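The values are calculated or read from the model by the stated rules, or taken from the named source; none is laboratory data. If you're wondering where the values come from, they're calculated on a predicted model, not measured in any experiment. Cβ placement follows ideal geometry from the backbone for every residue including glycine, while neighbour counts extend to all protein chains displayed. Calculation scope for accessible area: heavy atoms of the full protein, side chains included, ligands and nucleic acids excluded. Shrake-Rupley method; radii C 1.70, N 1.55, O 1.52, S 1.80 Å.
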Amino acid sequence: MFTCPQCERRCKSLSGLRRHENSIHQNDPGLNVPVTELRRIYHSNLNGTYNGLDITPFLLSAGQRCDRHGIPVPPGTLPEVRTVNTNDDWSPFQSRAGFELAEFMFTDSELSRRKIDKILELWAATLVPHGRSPPITNHRDLHRQIDAIELGNVRWENARLKYNGPRPEVTRPPEWKTAEYDVWYRNPRQVITNILSNTDFDGHIDYVAYQEFNGEERQYGNMMSGDWASRQSVRFSCSMFLPA
């Protein structure tokens, strides 16, 4: 295991540690602003009420805590307990060696199927006298184990797109107006759900809209610090019964 020197986060590989440091602890000296009086202001309606009136029946969202199905929960409700794998659990890989081998071949080196099969064939040959086999047998087994990873588990989807607007009156229109494009994507809503439910990001995500000020000057850090997030957090779905 590799431990981050800044937050003591434990990563299974050195490349994983580097990715963690670059995404969480990356500091750009040019973006550092002297802090005089840092304060945050949260919207006054982010408590499930409007002028003292319970607005739960009339709002899609009013800053209320919900369970994973989007159903509001009573104040003080404890979060659901997530099952955390032990440090020696490398499933769906057979062992740590299998995990790091897959990461090296598929992510770091991006080896072709032919090269993957050749490396694994040579490895298997060295293990024959011992009656053993490598943790991954061939490229099909590699892809099978990678596809069995449950973390995230958002399936790839496919769509074909083609421009169908007006075309210029020329003999040969631009190629992009006649070509058909194969687009692969994952459901953004499900991806965001998985990010928010991942405890590894706890303390690194702002879950509530806010306005942040450095002294008297407002500053922006991410989407939740903008005005759009505040407006969406208290957006009415039915306001005809609410007092002005």
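Taken together, the criteria place THR126 among residues that are more than 16 Å from GLN94 (Cα to Cα), in a helix (DSSP H, G or I) and modelled with pLDDT of 90 or more.
Against the conditions (1) assigned to a helix (DSSP H, G or I); (2) closer than 30 Å to SER91 by Cβ; (3) modelled with pLDDT of 85 or more, ASN194 satisfies every one except (3).
Within the bounds of the range 159-170, is there any residue that is in a loop (DSSP other than H, G, I, E, B), more than 25 Å from the chain's Cα centre (by Cα), polar (S, T, N, Q) and over 30 Å from THR3 (Cα atoms)?
At the first step, the residues of the range 159-170 found to be in a loop (DSSP other than H, G, I, E, B) are 163-170.
Applying the additional criterion that residues be more than 25 Å from the chain's Cα centre (by Cα) yields 163-170.
Those still in the list that are polar (S, T, N, Q) too: 164.
Checking the rest, the ones that are also over 30 Å from THR3 (Cα atoms) come to 164.
Yes.
Does the range 160-167 contain at least one residue that is among the basic types (Lys, Arg) and modelled with pLDDT of 90 or more? Looking for residues that are among the basic types (Lys, Arg) and modelled with pLDDT of 90 or more, one finds at least one in the range 160-167, hence yes. Taken over the range 168-217, the criterion of being without any contact (Cβ under 8 Å) to a residue 24 or more places away in the chain, more than 30 Å from VAL81 (Cα to Cα) and either open to solvent by 60 Å² or more (accessible area, probe 1.4 Å) or in contact with a Cys (Cβ under 7 Å, 6 or more places away or on another chain) (or both) is satisfied by GLU169, VAL170, THR171, ARG172, GLU175, TRP176, GLU180, TYR181, GLU216, GLU217.
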